Amino acid sequence: MMLTLKEIAKAINSRLEKVLTDVPIQSNDISEGFERPCLYINFDTITSSDYIGNKRERVIQVIIYYFPANRYENEIELLETQEILEQAFSDSLLIREGFVVFPMEMSSIKVDGVLQFSFEIYTLEIKPNIEEENAEYMEELHINLKGD
């Protein structure tokens, strides 16, 4: 089974819920309004390539937006949150049993009082072969060996 973007989003949300326990994660479009403080996760750019041998490579740029409690007086809060996010995503991230990714290229920027923390996730998967999955396999093999 191929890794889904939904699984990646759930793993990121789970990590955020552990490190920023009092900060809700917005799942609605933030242009519709929100309460502060909150987090919003966006998969900004996703590149996907298929390779010979049934392989799929993806690079996913993740941006976590942190909206501080106070829109104008927030410098210390943003620095503390930035530190928490850097530590939280500096280690491996378990997506599902047997599939771990390592966030790369972490960066932070503050725009209009909002922290934008970003990183990339790189995946390389072997795509399932549908023909092999539906194939019937031999259950018994009878061999007659004659020795000379």
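The values are calculated or read from the model by the stated rules, or taken from the named source; none is laboratory data. Because the structure is a prediction, the values reported are computed rather than measured. Here Cβ is always computed from backbone atoms with ideal geometry, including for glycine, and neighbour counts include all displayed protein chains. These area figures cover heavy atoms from the full protein model, side chains too; ligands, DNA and RNA do not enter into them. Shrake-Rupley method; radii C 1.70, N 1.55, O 1.52, S 1.80 Å.
Every condition in (1) touching a strand residue (DSSP E or B) at 6+ places or on another chain (Cβ under 7 Å); (2) exposed (fewer than 11 other Cβ atoms within 10 Å of the Cβ) is met by Glu97 except one, and the failing one is (1).
Among the residues making up the stretch 64-94, those that are open to solvent by 50 Å² or more (accessible area, probe 1.4 Å), touching a residue at least 40 places away in the same chain (Cβ under 8 Å) and under 21 Å from Phe34 (Cα atoms) are Arg71, Tyr72. Pairs meeting the criteria (first residue in the stretch 41-63 and aromatic (Phe, Trp, Tyr), second residue not in a strand (DSSP E or B), beta carbons under 9 Å, at least 6 apart or on different chains) are Phe43/Leu5; Phe43/Ile8; Phe43/Ala9.
Just give me the residues in the stretch 32-43 being surrounded by 12 or more Cβ atoms within 10 Å (Cβ to Cβ) and either over 20 Å from Arg15 (Cα atoms) or out of contact with any Phe, Trp or Tyr (no Cβ under 9 Å at 6 or more places or on another chain) (or both), in sequence order. Let's see the steps before the verdict.
Initial filter on the stretch 32-43 (surrounded by 12 or more Cβ atoms within 10 Å (Cβ to Cβ)): 34, 36-43.
Of everything in the stretch 32-43, those that are surrounded by 12 or more Cβ atoms within 10 Å (Cβ to Cβ) and either over 20 Å from Arg15 (Cα atoms) or out of contact with any Phe, Trp or Tyr (no Cβ under 9 Å at 6 or more places or on another chain) (or both) turn out to be Phe34, Phe43.
How many of the residues in the stretch 7-18 are open to solvent by less than 90 Å² (accessible area, probe 1.4 Å) and either more than 16 Å from the chain's Cα centre (by Cα) or charged (D, E, K, R) (or both)?
Applying the first criterion (open to solvent by less than 90 Å² (accessible area, probe 1.4 Å)) to the stretch 7-18 yields 7-9, 11-16.
Now restrict to residues that are either more than 16 Å from the chain's Cα centre (by Cα) or charged (D, E, K, R) (or both): 7, 15.
Qualifying residue count for the region: 2.
Within the stretch 44-66, the set of residues being modelled with pLDDT under 95 and more than 22 Å from Lys127 (Cα to Cα) comprises Asp44 only.
Being crowded, with 17+ Cβ neighbours inside 10 Å and more than 11 Å from the chain's Cα centre (by Cα): is that true of Thr47 here? The answer is no for Thr47. Just to be sure I understand, how many residues within the stretch 101-127 are among the β-branched types (Val, Ile, Thr), loosely packed, with under 14 Cβ neighbours inside 10 Å and farther than 21 Å from Tyr51 by Cβ? Number of matching residues: 2.
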